[in-house]
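Presented below is the structure to which this report refers.
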Amino acid sequence: MPELAEVAFYKNKWMPAQGLKIKQVALNQQVRVFRKAPTTEICTRLPGATLTMGETHGKQMIFLFDDRFWLGVHLGMAGRLSFEATTYKIQKHDHLCLETDKGWAVFTDTRHFGRIRFNESRSAPEWWARLPPKIGSEHFTLPRMEAFLRRRKGACIKAVLLMQEQFPGLGNWMVDEILWRSKIHPATTAGLIGEKKRAELFSKILEVESDAMRVIGKNWGDPPDHWLFNHRWKDGGTCPKTGTTLKRATIGGRTTCWSPKHQTYRGLKK
DNA sequence: CCCCATGTTCGACA
DNA sequence: GTGTCGAACATGGG
């Protein structure tokens, strides 16, 4: 489920706990989501600590307690956050639950592909500080993207746009939306995309990022029908631009939807 | 029973 | 060493 806008939406689910003291922690350390995380420390440090801040960066989230305990959350494929009533009963796939006076901040993940991290330090942990520039930020530039496309010149553009080291927060639906708006066939070899098309692709990445944050990041509203989004999920969808049938296949290792009549750009000839 | 899933990582291979 | 690709991870839904 979660790409950058959904992650922002879920991060806000825990913000009712901001300024509140954690009374109790319930976690299931057996579950894969904790991997190397120090579960004992989470259980001993967080009780008594106050949530001071929560932020997202692409698909990553971080929550700060007492200005020195950093809780990292990645939602994986099926994770979500919620804030539940004080009377809440913990469910099967609730792996981390933080109790406050006003209710429970809960991390749920049926598929266990998510990840929890925990660090104690004055400044943000390394894994957070070293994340690549956010899409739309000052350092997320066209030249930087072009250098990345050169390095990944042999891979198809669908796979390249999914790489978090350059495009933090893009996921399957956003990449399909970006390529559709750019009129680029998803199987196009990254290194064969011409200069003009690269500039167009860059601007569509920014556009889809801001559209997603506006429509989904705040209230998880329904994307409008003129996006690819509403048409891409099932076989037999129709392209909002051309009225022709959309195609679906595995490209770059992921189920990909595109409009063959609309996405005609396939790169320069060698 | 089968296939599929908005993600990441690891290992094989070129 | 570098880059690409597919399998594996664990569970539930159609």
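The values are calculated or read from the model by the stated rules, or taken from the named source; none is laboratory data. Given the structure is predicted, the values throughout are model-derived calculations rather than measurements. Because the Cβ atoms are built from the backbone with ideal geometry, glycine has one as well, and the counts that use them run over all protein chains shown.
Go through A:P260, A:P240 for me and flag whichever is more than 22 Å from A:A5 (Cβ to Cβ) and either part of a loop (DSSP other than H, G, I, E, B) or assigned by TED's automatic domain parsing to the domain that holds A:N172 (or both).
Only one candidate passes the filter, namely A:P260.
Which count do you get for residues in the stretch A:158-192 that are surrounded by 18 or more Cβ atoms within 10 Å (Cβ to Cβ), over 18 Å from the mean Cα position of the chain (by Cα) and more than 10 Å from DNA strand C (Cβ to nearest atom)?
Qualifying residue count, the stretch A:158-192: 7.
Please work out which one of (1) within 16 Å of DNA strand C (Cβ to nearest atom); (2) over 30 Å from A:L206 (Cα atoms); (3) in a strand (DSSP E or B); (4) not small (G, A, S) is the condition A:C97 fails and give its number.
(1)
Being away from DNA strand B (no atom under 12 Å from the Cβ) and among the hydrophobic types (A, V, I, L, M, F, W, C) is the filter; apply it to the stretch A:215-235 and report the residue that is nearest to A:P2 (Cα to Cα).
Selected residue: A:V215.
All but one of (1) surrounded by fewer than 18 Cβ atoms within 10 Å (Cβ to Cβ); (2) part of a helix (DSSP H, G or I); (3) not aromatic (F, W, Y) hold for A:L149; which doesn't?
Only one criterion in (1) surrounded by fewer than 18 Cβ atoms within 10 Å (Cβ to Cβ); (2) part of a helix (DSSP H, G or I); (3) not aromatic (F, W, Y) is unmet by A:L149, namely (1).
Pairs only if they're at least six apart or on different chains, beta carbon under 6 angstrom, first in the stretch A:66-87 and in a strand (DSSP E or B), second aromatic (F, W, Y); list them, first residue then second.
A:L71/A:F63; A:L71/A:F118; A:R80/A:Y10; A:L81/A:Y10; A:L81/A:W14; A:L81/A:F107; A:E84/A:W104
Can you tell me which of (1) of a type outside the set (F, W, Y); (2) touching a residue at least 40 places away in the same chain (Cβ under 8 Å); (3) part of a strand (DSSP E or B) is the one A:L170 doesn't meet?
Single failed check for A:L170: (3).
Looking at A:P260, A:P224, A:P240 in this structure, which one is closer than 25 Å to A:G136 by Cα and either away from DNA strand C (no atom under 16 Å from the Cβ) or surrounded by fewer than 18 Cβ atoms within 10 Å (Cβ to Cβ) (or both)?
A:P224
Just one of (1) touching a residue at least 24 places away in the same chain (Cβ under 8 Å); (2) touching a helix residue (DSSP H, G or I) at 6+ places or on another chain (Cβ under 6 Å) trips up A:W258, so point out which.
(2)
Would it be correct to say that A:F107 is within 16 Å of DNA strand C (Cβ to nearest atom) and not basic (K, R)?
yes
Name the single residue that is nearest to DNA strand B (Cβ to nearest atom) among those in the stretch A:48-88 being polar (S, T, N, Q) and surrounded by 21 or more Cβ atoms within 10 Å (Cβ to Cβ).
Ranking the qualifying residues of the stretch A:48-88, first place goes to A:Q60.
Right, A:R45: over 24 Å from the mean Cα position of the chain (by Cα), surrounded by 18 or more Cβ atoms within 10 Å (Cβ to Cβ), among the basic types (K, R) and away from DNA strand B (no atom under 16 Å from the Cβ) or not?
Yes; evaluated as a whole, the condition is true for this residue.
Before we move on, is A:F113 part of a strand (DSSP E or B), in contact with a strand residue (DSSP E or B) (Cβ under 9 Å, 6 or more places away or on another chain) and either surrounded by 19 or more Cβ atoms within 10 Å (Cβ to Cβ) or touching a residue at least 24 places away in the same chain (Cβ under 8 Å) (or both)?
Criteria not met by A:F113.
Kindly indicate which of A:K102, A:K59, A:K21 is within 16 Å of DNA strand C (Cβ to nearest atom) and either without any contact (Cβ under 8 Å) to a residue 12 or more places away in the chain or among the basic types (K, R) (or both).
Answer to the selection: A:K59.
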